[in-house]
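So the structure is just underneath, and the comments pick up after that.
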Amino acid sequence: MTTTVSPALRPTEQVYAGHPEKKVTLYFLVTGLVLLLIGVAIGPLQALNYAGIDVYRYLPFLKSYYQGLSLHGVLNALVFTTYFISGLLLYLPCRALKVRPNLLVAWGAYWTMTAGVLMAAAALLTNNATLLYTFYPPLQGSPLFYIGAALLVVGSLIIGVQVIVIWTQWKRQHPGEITPLVAFMSVATWMMWLIASLGLVVEVVFLLIPWSLGWVKGVDPLLARTLFWYTGHPIVYFWVMPAYISWYALLPGQAGGKIASETMARLSFVLFLLLSTPVGLHHQFADTGISMSWKVIQMLLTFLVVIPSLLTAFSVGASLEIAARLRGGGGWVGWIRHLPWKDPVFTAQVLAMVSFIPGGAGGIVNASIALDSEVHNTAWIPGHFHITVGTATTLTFFAVSFWLLPHLTRKPLASVKGALWASWLWFWGMIIFAIGMHWEGLIGIPRRTYLATATGLGDMLARAQIPMALTGISGMVLMVASIFYFSVIFRTLLGRQRVAESAEVPIPVSESLEQFEAREAGLSAAGMKVAGAVRLMERLWIFFALALALVVLMYLPMLIGMVLNTHLLPGQRLW
Ligand code: HEM
Ligand SMILES: [Cu+2]
């Protein structure tokens, strides 16, 4: 075995010796995946409920459908994503900048997060926080839940600030140099999250924790909801931007090609930084007490996010076409066959991207005031977000885990075939799920309903038999997909074989066409001609300040109005 590491170290320590940040990254990823396993295990039961089949009465450990749904939403959408992103967006930018993070800080963030999750889990599992993942007041849960949620966010912010600080120091030590793409995108994402998480932090720390501890008598539901959705919308960009990093900067190389345009990639991230936050009101079109003018302004701003989304779709599509043609593909669409479909890292990401197309289209419906009134609070909404966060993000993270876990542990992926099965089954399961749920929603079936025992829905259930059956079937497909996925992951992690350092799976950073052309012309990376736009975008702090100004403009007047006119309500426990 060729290794540069001292043989006195234990084998596991040897794996991390060159890069001890690998270990903390692994902890973030694996903890996130274990918690996803618990969250996902409940999903098929919910899908059966939406097929009219009640299995909850056989499950003594869940007190109600809603306790299960709270666990599902919190663990999948909030906890898994935060862990995975914190690990990924710590490791990638540090490696790209060739800087080791401060490990004490990184582990501090990990344990802060984990302490928070244990507290929230204690409340959820004892049925003391059956609040659903939006925890709207006046529903009131145990203080443990809110404190836990705050610690989860604080943990992610510690990582975010660390990455931003590392980048700022790097800039100082490398004057005039352009930040490597992956690091640039990671910093933009963390800057966005720094602004975006403010609403949730203020809501939880200043309103919900004191209220749940009995220090204050009441809380204003509208103010709390507005702060929640201030974060609740951009959190979806916190979930998709890391997936975009993988699509833009890693996937082209994994497919055997080049990044079509580094300038576009950077531009779309600057636009996400600017436009993700000041639009949360599109989740509150149905809320009274907010003026229509604000709702319309934020609706229009929401539509602007279509621009970076389409930039992404076309640039990544072009990168894939370049890859296929380099691999000998040709024709209008014939090149698609030449892509590496046998590689689950590639396939899972492309399927994730495909699912995002109907996901984005549905999002435009949700964001339009007139159309939203048709689908608001119906099964359409969970239909929508299972092909966005539940597939575009989750399936991309599956793809990342297929190379990153072997990279971090030097253990080969346990089964390439199993990983491919997991990816295709997850994709089709979620597509069928989305068809079923969107269709049920159009009939008027409400979301968040213990449907199997619900009454008062008139003839809706009779009219929804076909989509309900689709939802039930999709739940079973997704259960099989999860079994494939988690067995590949745990067999990989528990495997005993480790490859030599020289055979380590590399970090798949792709070359861009711009870099390729410079190399062909005999220029070094530092000497490469850089578009003026790229130089301009390097000043991320300016865009950060602009983003902050925009969000203050869009929210502060409204929030001041709400604070001056509060209606405090005491807590309620409806479960
Ligand atoms: C096995 C895969 C999955 C299945 C079968 C599934 C099924 C469902 C169903 C049927 C609902 C609607 C429940 C209702 O409105 O009453 C739901 C809600 C939800 N799911 Fe999933 N899901 C799965 C995976 C995921 C993943 C991977 C995520 C996110 C990463 C996710 C996030 C959510 C969220 C946030 C809710 C909303 C909870 C709420 O309304 O409070 N799910 N899921
Ligand atoms: Cu939104």
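For the reader, a short list of remarks on this structure follows.
- Scanning the stretch 331-340 for residues that are open to solvent by 30 Å² or more (accessible area, probe 1.4 Å) and either over 24 Å from residue 415 (Cα atoms) or within 24 Å of the chain's Cα centre (by Cα) (or both) turns up 331, 332, 333, 335, 336.
- Counted residues, the stretch 23-51 - those being more than 12 Å from ligand 1 (Cβ to nearest atom) and open to solvent by 20 Å² or more (accessible area, probe 1.4 Å): 5
- Checking 462, 422 one by one, the residue that is open to solvent by less than 10 Å² (accessible area, probe 1.4 Å), part of a helix (DSSP H, G or I) and either within 11 Å of ligand 1 (Cβ to nearest atom) or hydrophobic (A, V, I, L, M, F, W, C) (or both) is 422 and no other.
Residue by residue, here is whether (1) modelled with pLDDT under 95; (2) surrounded by fewer than 24 Cβ atoms within 10 Å (Cβ to Cβ) holds:
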{"residue": "353", "(1), (2)": "no, yes"}
{"residue": "360", "(1), (2)": "yes, yes"}
{"residue": "370", "(1), (2)": "yes, yes"}
{"residue": "375", "(1), (2)": "no, yes"}
{"residue": "380", "(1), (2)": "no, no"}
{"residue": "394", "(1), (2)": "no, no"}
{"residue": "399", "(1), (2)": "no, no"}
{"residue": "402", "(1), (2)": "no, no"}
{"residue": "406", "(1), (2)": "no, yes"}
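- All of (1) open to solvent by 30 Å² or more (accessible area, probe 1.4 Å); (2) in a helix (DSSP H, G or I); (3) under 30 Å from residue 227 (Cβ atoms) hold for residue 286 with one exception: (2).
- Residue 103 being touching a Ser or Thr at 6+ places or on another chain (Cβ under 8 Å) and of a type outside the set (S, T, N, Q): no
- One residue from 318, 324 being more than 14 Å from ligand 2 (Cβ to nearest atom), of a type in the set (A, V, I, L, M), part of a helix (DSSP H, G or I) and open to solvent by less than 20 Å² (accessible area, probe 1.4 Å): 324
- Members of the stretch 472-509 that are open to solvent by 30 Å² or more (accessible area, probe 1.4 Å) and within 16 Å of ligand 1 (Cβ to nearest atom): 473, 476, 477, 479, 480, 483, 484, 487
- Checked against the criterion of being open to solvent by less than 10 Å² (accessible area, probe 1.4 Å) and either more than 16 Å from ligand 2 (Cβ to nearest atom) or farther than 17 Å from residue 41 by Cα (or both), the candidates 83, 66 yield just one match: 83.
- Answer residue from the stretch 263-283, given it is open to solvent by less than 20 Å² (accessible area, probe 1.4 Å) and under 30 Å from residue 342 (Cβ atoms) and is farthest from ligand 1 (Cβ to nearest atom) among those: 265
- Options 117, 182, 187; residue that is modelled with pLDDT of 95 or more and more than 25 Å from residue 538 (Cβ to Cβ): 117
- Of the helices (runs of 4 or more DSSP H) lying entirely inside the stretch 190-237, the ones with 1 or more residues being open to solvent by less than 20 Å² (accessible area, probe 1.4 Å) and closer than 23 Å to residue 83 by Cβ are found at 198-202, 221-232.
- Inter-residue pairs, beta-carbon under 6 Å, first within 15 Å of residue 257 (Cβ to Cβ) and in the stretch 326-338, second open to solvent by less than 30 Å² (accessible area, probe 1.4 Å) and part of a helix (DSSP H, G or I), 6+ apart: 335/324; 338/324
- Count of the stretch 341-351 residues, restricted to those that are open to solvent by 30 Å² or more (accessible area, probe 1.4 Å) and aromatic (Phe, Trp, Tyr), is 1.
The values are calculated or read from the model by the stated rules, or taken from the named source; none is laboratory data. A quick note: this is a predicted structure, and the numbers were derived from the prediction, not measured. Cβ: placed from backbone, ideal geometry, glycine included. Neighbour counts: every protein chain shown. Protein only, heavy atoms only, side chains kept; ligands, DNA and RNA dropped before computing areas. Shrake-Rupley method; radii C 1.70, N 1.55, O 1.52, S 1.80 Å.
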